[in-house]
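Following: one structure in structure tokens, then a few remarks.
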Amino acid sequence: MNNGPQPRLTRAIYPGSFDPLTNGHYDVIERAASCFGELIVAVVVNPQKRSPMFSLEDREAMLRECVAHVPNVRVEHFRGLLADYVKAQHADVIVKGLRVVSDFESEMSTALMNRALSDVDTFFLMSDQKYSFVSSSIVKEVFFLGGEVAPLVPEPVLRVMTARRSKLHARRNGG
Ligand code: PNS
């Protein structure tokens with residue numbers, strides 16, 4: 001009996017700035033880890049948008065703590081082109097989360113460019129609707145202006161952010 005093409009174990013790469021990891025990212029990680037054999041969460045060293053608030057070491061450490069219980073996930077970092085990193089890792093797919101239609105507009109050209117450069121396709125997971133408004137930038141802005149973000153980030157991230165805010169306040173108050 002011909003059972004058709006057999007699924008193969010795939011190595012997926014989920015790239016991002018993770019400055020910092022949000023519950024939206026975390027949800028994508030958990031769901032992607034259950035779809036693919038191996039998931040590499042790849043932290044870009046120098047995000048294009050702006051200099052990161054958290055160092056590479058902090059961003060990786062927060063991620064590692066949050067995914068420690070998921071056996072097929074590992075956290076790495078990369079510099080330069082994602083397509084080059086994907087090829088060097090012999091990855092089969094790139095994973096991205098999509099929150100809203102405007103994400104799709106930029107992600108489509110990025111996915112096509114990454115495929116042209118690496119021959120690797122991007123698989124999109126729709127973000128859980130309860131995180132459709134959550135981004136690292138909005139979380140940082142709200143938190144550092146005194147707002148509540150506990151439901152939006154994993155506990156280890158909240159801890160690091162709280163420590164950072166206390167340090168900033170102490171510095172501002174001459175402490
Ligand atoms: O979390 P972010 O900031 O939305 O992640 C963006 C990221 C890291 C996925 C993207 O900026 C990226 O792939 N950077 C690597 C440089 C690169 O390959 N640029 C060309 C993309 S077609």
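A few notes on this one:
- Candidates P154, P52, P15, ranked by Gaussian network fluctuation over the chain, Cα under 10 Å, top entry: P52
- As a ratio to 2.2 N^0.38 Å, the alpha-carbon radius of gyration computed for the chain takes the value 1.11.
- Relative contact order %, the stretch 50-141, counting alpha carbon pairs below 8 Å whose residues are six or more apart: 26 percent
- Rounded to the nearest 10 Å², the accessible area of V100 at probe 1.4 Å: 70 Å²
- Surrounding net charge for P20, when Lys and Arg each add one and Asp and Glu each subtract one, Cβ distance under 10 Å: +1
- Rolling a 1.4 Å probe over the protein heavy atoms of the stretch 41-128, with every protein chain left in place, gives an accessible area that is 55 percent carbon and sulfur.
- Relative contact order %, the chain, counting alpha carbon pairs below 8 Å whose residues are six or more apart: 27 percent
- Electrostatic dipole magnitude of the stretch 1-104 [Cβ: Lys, Arg +1; Asp, Glu -1; Cα centre; debye, to 20]: 260 debye
- Put the Cα centre of the stretch 40-99 next to the Cα centre of the stretch 104-175 and the gap is 13 Å.
- Evaluated with a Cβ-only charge set (Lys, Arg +1; Asp, Glu -1), the chain carries a dipole of roughly 560 debye about its Cα centre, given to the nearest 20.
- Across the options M53, A12, F124, the greatest Cα extent toward the positive end of the charge dipole of the chain (unit charges at beta carbon of Lys, Arg, Asp, Glu) belongs to M53.
- Charge dipole (the chain, unit charges on Cβ, about Cα centre) - positive-most of A163, P151, L82: A163
- Span-like helix ranges in the chain, DSSP H, alpha carbon extent 24 angstrom or more, Kyte mean at least -1.0: 101-118, 155-172
- Heavy-atom accessible area ranking, 1.4 Å probe, most first, across F123, F143: F123, F143
- Relative to the Cα centre, the charge distribution of the stretch 20-66, modelled as +1 at Lys and Arg Cβ and -1 at Asp and Glu Cβ, gives a dipole magnitude of about 240 debye.
- Lysines with Cα under 19 Å of K140, excluding same-chain neighbours fewer than 8 positions away: K49, K130, K167
- Residue-normalised accessible area of the chain, expressed per residue, 1.4 Å probe, Å²: 58 Å²
The values are calculated or read from the model by the stated rules, or taken from the named source; none is laboratory data. For clarity, every value in this text was computed on a predicted model and none was experimentally measured. No Cβ is skipped: glycine too gets one built from the backbone with ideal geometry, and neighbour counts run over all protein chains shown. What goes into the accessible areas is simple: the full protein's heavy atoms, side chains included, and nothing from ligands, DNA or RNA. Shrake-Rupley method; radii C 1.70, N 1.55, O 1.52, S 1.80 Å.
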